[in-house]
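All remarks here apply to the structure that follows.
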Amino acid sequence: MTPMIHRAIPFIACLCSLSASLGETAPGNFDAEYDRALTLKERTKNTLYRTTIAPVWSADNQQMIYRVQTAAEAWEYVFVDVAKGTRRGAFDHASVAAALTAASVANVQASRLDLKNLAIVESGKAITFSYARRQWRCVLAESVVSELVLPKVQAALVDTSVAQKMKRSVDSNQETSITFTNRLEVPLRLFWVPRKGQPVGYGTLAPGATMQQHTFVGHVFVLMGKTAEPVAQYEAVADGLEAVINQRMTFIKESEDKPKTSQGSLSPDGKNRVVLHNHNLYLVQNGKTLPLTTDGRAEDTYSPILAWANDSASFIAHRVRLAARHDITYIESSPKDHLQPNVHTLNYYKAGDELPQPRLALVRVAERKAIVVDDKLMPQAFAPDGKLELRWAPKSNECYVNYNQRGHQLYRIIAIDAAIGATRCVVEESSKTFIDYTTKTGRHWLDATHEIIWTSERDGWAHLWLYDIKTGQPKNPITRGKWVVREVVEVDETKRQVWFKAAGLRAGEDPYHLHLCRVNFDGSGFLQLTEGDGTHSVAFSPDHSTFIDTWSRIDAPPVTELRSSSDGHHVCDLEHSDAEALIRTGWSMPQRLVAKGRDGQTDIHGIVIVPSNLDPKKKYPVVEDVYAGPHSAFVPKEFGLLSRLHEMAELGFIVVKADGMGTNHRGKVFHDVCWKNLADAGFADRIAWIKSAAQTRPWMDLNRVAICGGSAGGQSAMRALLSYNTFYKVAVADCGCHDNRMDKIWWNEQWLGWPVDESYTRNSNVEDAPMLKGNLLLLVGEMDTNVDPATTMQVVGALQRAGKKFEFMPIIGTGHGSAETSYGSRLRADFLWRHLK
């Protein structure tokens, strides 16, 4: 047997050096100021209005109604005529409230109407809704309200001959749900179709109403109109189902129109089952158990995880060469239910650890023979769970494998021939640095045309490419330019168009702002469909003819517009957020700043947050909030309250945050700065940016600069006092991954590579601990399962051996992010107060 490897974290009864007590504060009333800062969240709660809407559309998508908050305890309903491009109050709220009150519905206030299950009926002339468990109809022009009486459901209304033709439910204990929305102007009766017997009534769905039904995977529901003929039928699936019934709906079974790879022991046709016994696979067929493999053994076992072909003729099996377990051990010192500590272990792969190695076998059921899949194209898979992602072609002639080579410099989609197990490459990406496999290897399969849409940075920017699956060659780039595709929103295979979000499209605008765009598969017809100078989120009408565009900036509250999907033209304004009440609380609007980075050419984007009582004649210490993980970018772009940063500013600090080189979403050259260089963390860019900010903000005191961060930000916060201590004087490092050899495998090997080399040593805070200058506070949660707490203990030990003065506080009973607990947050604020003020 392979030996188990344990990494133990010793129990620390009390490990804190110097004075980390909350009671020891610098001159001044810290406690009073901190308590005042904490009131900001409550003071700003419910002070931003007209920000969000949840639209209800008419059956023809030509009208829309929504409810929007207009004050702390007030809402109104708005009606939109899409064809005319007009917006108006939906009805007289006082008249509707009076009518409901007269109908014995108590305590109805005009400004606080909450109408459930809204629906637009009669071509936009009326609405139906639920209120106080009763159904109502309102004629909009006159605001006349009347009660609706809906028919009761009776199972006997379903004709027996019709019921016999319905698809039946299958037994299952896997919970899920179906959300039904009735877009018809008539009520629909909902029935559950059991495995045997007559359908069971589950209620009536009023016109326009929405209802979420709890159920189980494989359970079937049918909706009936006035006749015994079903309007629509749905089968529940694991991920939940959105069932919208409109005029175009026919009697159907709702299912994904793309082939699904069956992951499990039972074949799709239900005739064969595969079981694992003594590390080998056996076929259960017609009551007989037949061997499929004989060479499996404990350390090199077959796996019960199968990928069945759609025709049930064959499947791909995993055979996994097991690796040693890599356990970390941590102590829960103070359990709530007993006195003695608990010892916990967790299988946790770290950079450089041996991993399981999966290999694939093709099994043809009729031949009962396992064919070893040629692995020359996938010799060293990065698969910590021992599993490769597989997908069968619709005709079951090929199975496709996602292969990410360890080291993250080679990524392939590989096709396996279902007849002989031979392999060929469909898509290949390679890089001298790294492939960002977590965010930039997206794909969309176009089975009907044997194509695939693939995300690649091969030209230096994240773009979409169209590939021919049969030849394994790119047909053309779909998008191109010095900007990045951030998200594929939708693919229209009929029109051969891609809808996506992109950033960096317009000169002079923040390159992180997201805009909705559309382009044809051949790269022609590119359109940017959103306009406002901000970052955009969109929600389409049911027929996708229009979309609701909500956009904002960190310094501009949300604007909500209705736009045409054909060309993005503006249909009408819906809402402009009202932030007056928020500003009256003293909350200060964040300031955006663009300044040049280390090279004097590259724009660095960040924000400055000031105290609500800023006196421009005074000098204020600067606190940088840092997180510089290469997996993304972290300066907020959407409007928000940013309570944590504002609370810190309320203590009398200028709070800053910027994304330097080495972070994501700015192109490959910008991103590659992080390669084998995590200690860099964009410091040179951010320091230049902070200095530039101070040139126009004389109240920023650059003789008193601190930095705070957690996780990768904790690593950077301590690095500031190792390598950049002429600028930073104070740092608070929470749960930092201070040595990347001690942290999770997927994150660290992504940026520092594999095998583990000298770059891991070069980027280690533990190795460089003797370089510390300044005031450092280290925090860690004793039960952190994200970043091994032992890495903080090791840096503590290194600092102690070097004779360095610092402060350290483990937070008991806490996991990752201990600085965000109430105790940790106060401790961090107290430390900054003492050393900056």
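A few points about this structure:
- Listing of strands (runs of 3 or more DSSP E) fully contained in the range 21-138 that carry 3 or more residues being basic (K, R) and open to solvent by less than 40 Å² (accessible area, probe 1.4 Å): none
- Residue match in the range 99-113 (condition: in contact (Cβ under 8 Å) with a residue 24 or more places away in the chain and closer than 14 Å to Y66 by Cβ): yes
- Unmet requirement for T530, which otherwise passes all of (1) open to solvent by 20 Å² or more (accessible area, probe 1.4 Å); (2) polar (S, T, N, Q); (3) touching an Asp or Glu at 6+ places or on another chain (Cβ under 6 Å): (1)
- Restricting the range 667-677 to residues that are open to solvent by less than 20 Å² (accessible area, probe 1.4 Å) and hydrophobic (A, V, I, L, M, F, W, C) leaves a set whose member that is nearest to S456 (Cα to Cα) is F670.
- Entry remark, the range 500-540: residues being under 12 Å from I478 (Cβ atoms) and either without any contact (Cβ under 8 Å) to a residue 60 or more places away in the chain or touching a Cys at 6+ places or on another chain (Cβ under 9 Å) (or both) number 11 in total.
- Close pairs from the range 471-490: first more than 15 Å from H515 (Cα to Cα) and open to solvent by 80 Å² or more (accessible area, probe 1.4 Å), partner outside any loop (DSSP other than H, G, I, E, B) and not β-branched (V, I, T), Cβ under 9 Å, at least 6 apart: Q473/Y467; K475/E451; K475/W465; K475/L466; K475/Y467; K475/D468; R480/H463
- Among the residues making up the range 274-293, those that are closer than 12 Å to R319 by Cα and either of a type in the set (S, T, Y) or not in a strand (DSSP E or B) (or both) are H279, T293.
- Failed criterion for I316 (all others in (1) outside any strand (DSSP E or B); (2) surrounded by 12 or more Cβ atoms within 10 Å (Cβ to Cβ); (3) modelled with pLDDT of 95 or more hold): (1)
- Contact map, the range 692-718: residues that are closer than 26 Å to K619 by Cβ and of a type in the set (S, T, N, Q) paired with residues that are open to solvent by less than 30 Å² (accessible area, probe 1.4 Å) and part of a loop (DSSP other than H, G, I, E, B), Cβ distance under 6 Å, separation 6+ or inter-chain. Pairs shown: S716/V626; S716/A628; S716/A681.
- Just one of the numbered conditions (1) closer than 23 Å to V149 by Cα; (2) at pLDDT below 75; (3) not hydrophobic (A, V, I, L, M, F, W, C) is not true of Q263: (1).
- Residue within the range 203-212 that is at pLDDT 85 or above and at positive phi present: no
- Residue count for the range 173-188, restricted to those that are open to solvent by 40 Å² or more (accessible area, probe 1.4 Å) and more than 30 Å from K125 (Cα to Cα): 3
- Residue match in the range 199-207 (condition: open to solvent by less than 30 Å² (accessible area, probe 1.4 Å), assigned to a strand (DSSP E or B) and either under 16 Å from V244 (Cα atoms) or not aliphatic (A, V, I, L, M) (or both)): yes
- Test: D327 is out of contact with any Pro (no Cβ under 7 Å at 6 or more places or on another chain) and part of a loop (DSSP other than H, G, I, E, B): no
- Any chance G713 is assigned to a loop (DSSP other than H, G, I, E, B) and either closer than 30 Å to K482 by Cβ or not hydrophobic (A, V, I, L, M, F, W, C) (or both): no
- Tally of residues being more than 20 Å from Y400 (Cβ to Cβ) and open to solvent by less than 10 Å² (accessible area, probe 1.4 Å) across the range 451-470: 2
- Taken residue by residue, the range 111-120 has at least one member that is among the aliphatic types (A, V, I, L, M) and either at pLDDT 95 or above or more than 27 Å from R563 (Cα to Cα) (or both).
- When W454, W445 are checked against the criterion of being within 18 Å of S524 (Cα to Cα), of a type in the set (F, W, Y) and part of a strand (DSSP E or B), a single residue qualifies: W454.
- Q591 modelled with pLDDT of 95 or more, of a type in the set (S, T, N, Q), surrounded by fewer than 21 Cβ atoms within 10 Å (Cβ to Cβ) and within 26 Å of F434 (Cα to Cα): no
- Flag if G586 is open to solvent by 10 Å² or more (accessible area, probe 1.4 Å), without any contact (Cβ under 8 Å) to a residue 12 or more places away in the chain and assigned to a loop (DSSP other than H, G, I, E, B): no
- Among the conditions (1) within 30 Å of P755 (Cα to Cα); (2) touching a strand residue (DSSP E or B) at 6+ places or on another chain (Cβ under 8 Å), the only one that D385 does not satisfy is (2).
- Within the range 508-532, the residues that satisfy the criterion of being over 22 Å from L562 (Cβ atoms), of a type outside the set (D, E, K, R) and modelled with pLDDT of 95 or more are P511, Y512, V519, N520, F521, G523, S524, G525, F526.
- Residue count for the range 329-348, restricted to those that are open to solvent by less than 30 Å² (accessible area, probe 1.4 Å) and without any contact (Cβ under 8 Å) to a residue 12 or more places away in the chain: 1
- Test: D311 is acidic (D, E), over 30 Å from the mean Cα position of the chain (by Cα), open to solvent by 30 Å² or more (accessible area, probe 1.4 Å) and within 30 Å of G813 (Cα to Cα): no
The values are calculated or read from the model by the stated rules, or taken from the named source; none is laboratory data. It should be emphasised that the depicted structure is a prediction, and the values quoted were computed from it without experimental measurement. Neighbour counts run over all protein chains shown; Cβ positions are idealised from the backbone, glycine included. Only protein heavy atoms, including side chains, enter the accessible area calculation; ligands, DNA and RNA are left aside. Shrake-Rupley method; radii C 1.70, N 1.55, O 1.52, S 1.80 Å.
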